[in-house]
Structure formats: structure tokens, C-alpha cells
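The values are calculated or read from the model by the stated rules, or taken from the named source; none is laboratory data. Because the structure is a prediction, the values reported are computed rather than measured. Reconstructed Cβ throughout: ideal geometry from the backbone, glycine too, with neighbour counts over all protein chains shown. Just so you know, the surface numbers come from the protein's heavy atoms only, side chains and all, with ligands and any DNA or RNA stripped out. Shrake-Rupley method; radii C 1.70, N 1.55, O 1.52, S 1.80 Å.
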Amino acid sequence: MEKNPPDDTGPVHVPLGHIVANEKWRRSQLVQEMQGRIKLIFEDGLTPDFYLSNRCCILYVTEADLVAGNGYRKRLVRVRNSNNLKGIVVVEKTRMSEQYFPALQKFTVLDLGMVLLPVASQMEASRLIIQLVQEQTKEPSKNPLLGKKRALLLSEPSLLRTVQQIPGVGKVKAPLLLQKFPSIQQLSNASIGELEQVVGQAVAQQIHAFFTQPR
């Protein structure tokens, strides 16, 4: 396989059923969990952490990345601004990093409009990535990674999980909110009065504050 230019954010050749992974992940638990279940090709100097296909990639934000600050943002913006790539952001949301998660959530989903998928560990992340790669083998008409509905279909489970993380919402109120406000944009633009009709005054104020308070 031909080497790509360092720090490449353009499309790369990814054989069907394979993953092209950044060399830095070679000895990680994440990759070890994938070994034997999917074929991996390692390359140096990639901006994304994993290429699932020629034009779809994963940007992985570790627990340490979140705790360390906002250094991860440059990579996300670089991929978001690329005309050649569709990026999925996978983040380790753990007990140590959960306090930093809302800032990442706002930046990724609201500011960049990218898909955000929280995971509890690298083991869970490996299963998620394998599942996404397996979708590549489906017929194009049945593949959620292809076509106009890519972002919508991929974001449905992550959208629910994202809304669940808003203070005061949780698993019960999140589906109710999404029935009335089916996107993050609509939810973030909702007035306290509109939110009250679904979740009551106290939670409505918490949701409104989550979206309006400066990061």
C-alpha cells in the first residue's frame, strides 16, 4: 500500500473490510481488541485516528485528551473543514473525564455539527468501530455510512445519548424532548416556555442554561 503524505486529511485507499489506523495505536488496548476480528493497516502521520473507508474516518478523543485541555480541537476542526472527509468523533467518557465532556459535546455537536459517540472504554470503542466497518460491506442502499442520510442515521443513537447527558434530563426525559425537538439545533433554540411543556420548569431552566451559558 502506498504511503500517504504526513498529516493527510484527504481520502485514502481502504480495502473493503479493513481499517487504516494511525501508527500510534498499534500497541493500544483499542487495537488489541480488534485483532483477529478485523484487518488493520497501520500508517504514520495521519490526522484521523482510523479510516473506516476512503472518505469516512474516526477521530478518537481519549480520557487523557479530555483532561489535558482543548488540544484535540485542532484535529477535529481540520477534518471538519476537509471537503474530502466525513469525521465521526468517538470520546472516552469516564468518571475522570465526565466533567470535561459537556464542553466537548457542545463544541463537536453544536459548533462543528459532527457526530459524537461516547464510549466508556477502549474495549467498547473497539466494538463500535468494528460495527461501523461491518456496515461498509452492506449494499449501498442499506449502508448508513453512504448517501444523503449518513449523518442522520449515524447520529440517532448518539443524539439520544447526547441529550441524556444534559443536566436534569436523563434516559426518561431525553426521548420526550426529541419527539418535540428532533435535532440538537431545535432543542438549543427552544425557549424555556416550550421546554416546560415537556419537562417542567426546573429541568427546562437547566436545559436552557446548558445551551446558553458560555463555555
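Taking the simple approach of a point 7 Å from Cα along Cα-to-Cβ for both Thr94 and Leu160, what is their distance in nm?
2.7
Taking θ as phi - 60°, what are the ³J(HN,Hα) couplings along the stretch 43-56 by the Karplus curve (6.51, -1.76, 1.60), each to the nearest whole Hz, with x for Gly and Pro?
3J(HN,Hα) across the stretch 43-56, in whole Hz: 9, 7, x, 8, 6, x, 7, 9, 9, 8, 8, 4, 10, 10.
Can you compute the modelled spin-label distance between Gln201 and Ala120, with each label point 7 Å from Cα toward Cβ, in nm?
3.7
Over the stretch 18-141, what percent of the accessible surface lies on carbon and sulfur atoms, probe 1.4 Å?
Answer for the stretch 18-141: carbon and sulfur cover 44 percent of the accessible area.
To the nearest 20 Debye, how big is the dipole of the stretch 23-83 about its Cα centre, given +1 on the beta carbon of each Lys and Arg and -1 on that of each Asp and Glu?
That gives the stretch 23-83 a dipole magnitude of about 200 debye.
Restricting the calculation to Cα positions, tell me the Rg (one decimal) and the Dmax (whole number) of the stretch 18-141 in Å.
Spelled out, the Cα radius of gyration and Dmax of the stretch 18-141 are 13.9, 41 Å.
For Lys39, what residues show an amide H to amide H distance below 5 Å, using hydrogens built from the backbone and excluding near sequence neighbours?
Amide H neighbours of Lys39: Ile19.
Once you compute Rg and the Kirkwood Rh from C-alpha atoms, what is the Rg to Rh ratio for the stretch 156-212?
Ratio of gyration radius to Kirkwood radius for the stretch 156-212: 0.90.
Take the Cα coordinates of the stretch 15-60, assign each an equal point scatterer, and use the Debye formula without solvent to give log10 I(q)/I(0) at q = 0.21, 0.31 Å⁻¹.
The Cα Debye sum returns log10 ratios of -0.64, -1.33.
Hey, can you grab everything whose amide H is under 5 Å from the amide H of Leu117? Only 5+ residues off in sequence or another chain; H modelled, so Pro and N-termini drop out.
Counting only residues 5 or more places away or on other chains, the set is Val89, Val90, Val91.
Report, by chain and number, residues whose modeled amide H sits under 5 Å from the one on Cys56, excluding near sequence neighbours (fewer than 5 apart, same chain).
Result for Cys56 returns Lys86.
Work out from phi, with θ = phi - 60° and the Karplus expression 6.51 cos²θ - 1.76 cosθ + 1.60, the ³J(HN,Hα) of each residue of the stretch 90-107, listed in order in whole Hz, and give x for Gly and Pro.
10, 10, 7, 9, 10, 4, 6, 9, 5, 5, 8, 5, x, 5, 5, 4, 4, 5
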